[in-house]
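Take a look at the structure below.
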Amino acid sequence: MSDVFDYDLLIIGAGVGGHGAALHAVKSGLKTAIVEADVMGGTCVNRGCIPSKALLAAAGRVRELRNEHHLKSMGIQVGGVSYDRAAIADHAKNLVSKIQGDMTNSLTRLGVDIIQGWARLAGEQKAVIDTPAGERTVTAKDIILSPGSVPFVPPGIEVDGKTVFTSDEALKLDWLPDWIAIIGSGYIGLEFSDIYTALGCEVTIIEALDQLMPTFDPDIAKVAQRVLIAPRDIDTRAGLIAKTVTPGNPVVIELADRETKEVMEVLEVDACLVATGRIPATKDLGLEQVGVEVDRRGFIPVNDHLQVTRDGEPVPHLWAIGDATGKMMLAHAASAQGVITVENICGQPRTVNYMSIPAAAFTHPEVSFVGLTEPAARQKAEAEGFEIDTVRTYFKGNSKALAEGESDGLAKVIYRKDTGEILGAHIIGLHAADLIQEAANAIFQGQTVTDLSFCVHTHPTLSEVLDEAFKRAVVVPA
């Protein structure tokens, strides 16, 4: 380390991305400090992935134990299933506390300096931190910005944190409304509809676009409509926007035509969850001190190596990772970016293969995907002059799924017809979030459907759903 700087690397933001970068930095021999204004773990650990999975796990058990028909088919009889809302909320809260502690301990053990406070750039290779003890200036050879994101609340929606709230408040599970409206049918909306219906709430999902789950592959969305929405106490409103949402008892929601903004319907519900995505938390970072402007949505501009750019050119020794870059707003994507950034800092040029990063909704059953949807793949094929093909396999033909009594599901693989290159994979079904990793690794390693068709999968396991897909795929030699 140079005597000129306090640290080799300063990381601003201790979410999953910043934490992963810090671990890899120490492994790479860099003297590292990490700054956090709130709590260790960022959105994922405190207000996202971790508490939501704890709630989903508990709610899923309730749903399973109350499904008398399913259990009876396996020769099991269970009666009088109840739950304690506060205890379920505590389960999520305790898990968050444990993982917070584990993350802090892992950094402390490795000698990473953890600084509590709000950091902003004060020039190149310099930051000013507002700490509880006062202002502190820190210099570093390289700085990584990892400020994360916050929930997006559209205009016209008033949030009071009690009757109208975002996922941040919903995860506390302070109460269970009899009837709740959920605005948005993406991952957050789907997962909370799963939690609320399992715990006995009536749900109305509001989606501005003409169909539910607009970002999912159409085949997956179709199955999801049948297994995740239709059998449950869920009403839907597609093609309408929530023009206004007014907190109170009841919550009043004006639903309007997306184009004309004419009010078409008024709902009066007990609560409303605003699940309309997230926006970067890039305010007050001091970017103006180095001449960097965020884009119109607030994202920090970066190149393929995750260097922050100014007028298209990299700013020396300044990097950004995670949600604030807008590349892929997933915790594990941020972690991957953190590792890759440290590699680049250490003179090992690397980039992130976003096509190989999977995503999942932890509903019951789960939904997962990696790569392109079929419409996106067809668009790419038309632009680049090749043909694609698809193959579908079903959980109802899988021995393990049948043994579990959970055979609703579909796996779909999209690939190039000439080379067998995998362009996308999509799964809805039991343990879909785990199954998708095989396809993700294959995309990363450049394996074709032909390569994978010769891999041996354990029998009987759910992995054979993908095995069957790879074996059904046909590659036509050019």
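A few comments on the model shown:
- Test result for Q100, under 28 Å from V292 (Cβ atoms) and among the polar types (S, T, N, Q): no
- From the list I195, I183, I220, I205, the one residue that fits, being in contact with a Cys (Cβ under 9 Å, 6 or more places away or on another chain), over 25 Å from D84 (Cα atoms) and not assigned by TED's automatic domain parsing to the domain that holds S368, is I183.
- Helices (runs of 4 or more DSSP H) completely within the stretch 1-77 that count 2 or more residues being of a type in the set (K, R) and outside the structural domain of L190 (by TED's automatic domain parsing): 49-66
- Top-ranked residue in the stretch 231-271 [being basic (K, R) and out of contact with any helix residue (DSSP H, G or I) (no Cβ under 8 Å at 6 or more places or on another chain); ranked as nearest to V164 (Cα to Cα)]: K243
- Scanning the stretch 385-417 for residues that are within 25 Å of the chain's Cα centre (by Cα) and of a type in the set (A, V, I, L, M) yields a total of 4.
- Taking the numbered list (1) farther than 22 Å from D160 by Cα; (2) hydrophobic (A, V, I, L, M, F, W, C); (3) part of a strand (DSSP E or B) in turn, L228 passes all entries but (3).
- Matching residues, the stretch 120-175, being charged (D, E, K, R), assigned to a loop (DSSP other than H, G, I, E, B) and under 30 Å from H91 (Cα atoms): E158, D160, K162, K172, D174
- Filter pass, G134 being loosely packed, with under 13 Cβ neighbours inside 10 Å, over 30 Å from A403 (Cβ atoms) and in contact with a helix residue (DSSP H, G or I) (Cβ under 9 Å, 6 or more places away or on another chain): no
- Residue pairs meeting the criteria (Cβ under 7 Å; at least 6 apart or on separate chains; first modelled with pLDDT of 95 or more, in the stretch 325-341; second in a helix (DSSP H, G or I) and surrounded by fewer than 22 Cβ atoms within 10 Å (Cβ to Cβ)): K327/Y354; M328/Y354; A331/C49; G338/H24; V339/H24
- From the list N105, N67, the lone residue that is surrounded by fewer than 13 Cβ atoms within 10 Å (Cβ to Cβ) and without any contact (Cβ under 8 Å) to a residue 12 or more places away in the chain is N105.
- All of (1) over 29 Å from F5 (Cβ atoms); (2) in contact with a Cys (Cβ under 9 Å, 6 or more places away or on another chain) hold for R258 with one exception: (2).
- Filtering the stretch 34-48 to residues that are closer than 15 Å to G101 by Cα and among the small types (G, A, S) leaves G41, G42.
- Count of the stretch 385-414 residues, restricted to those that are basic (K, R) and surrounded by fewer than 15 Cβ atoms within 10 Å (Cβ to Cβ), is 2.
- Just one of the listed residues (Q116, Q125, Q100) is farther than 17 Å from G15 by Cβ and in contact (Cβ under 8 Å) with a residue 12 or more places away in the chain, and it is Q125.
- Restricted to the stretch 137-147, and to residues there that are among the aliphatic types (A, V, I, L, M) and out of contact with any helix residue (DSSP H, G or I) (no Cβ under 9 Å at 6 or more places or on another chain), the residue that is surrounded by the fewest Cβ atoms within 10 Å (Cβ to Cβ) is V138.
- Within the stretch 108-122, the residues that satisfy the criterion of being surrounded by 12 or more Cβ atoms within 10 Å (Cβ to Cβ) and of a type in the set (G, A, S) are G117, A119, A122.
- For the stretch 1-16, taking the residues that are over 16 Å from E124 (Cα atoms) and modelled with pLDDT of 95 or more, the one that is surrounded by the most Cβ atoms within 10 Å (Cβ to Cβ) is identified as G15.
- Extreme residue, farthest from A360 (Cα to Cα), among residues of the stretch 436-470 that are touching a helix residue (DSSP H, G or I) at 6+ places or on another chain (Cβ under 9 Å) and of a type in the set (G, A, S): S453
- Subset of the stretch 121-156 (residues that are farther than 23 Å from M40 by Cβ, among the charged types (D, E, K, R) and out of contact with any Asp or Glu (no Cβ under 9 Å at 6 or more places or on another chain)): E124, K126
- Those strands (runs of 3 or more DSSP E) lying entirely in the stretch 250-344 with at least 1 residues surrounded by fewer than 19 Cβ atoms within 10 Å (Cβ to Cβ) and hydrophobic (A, V, I, L, M, F, W, C): 251-257, 263-269, 278-280
The values are calculated or read from the model by the stated rules, or taken from the named source; none is laboratory data. Given the structure is predicted, the values throughout are model-derived calculations rather than measurements. Please note: Cβ atoms are built from the backbone with ideal geometry, for glycine as well, and neighbour counts cover all protein chains shown.
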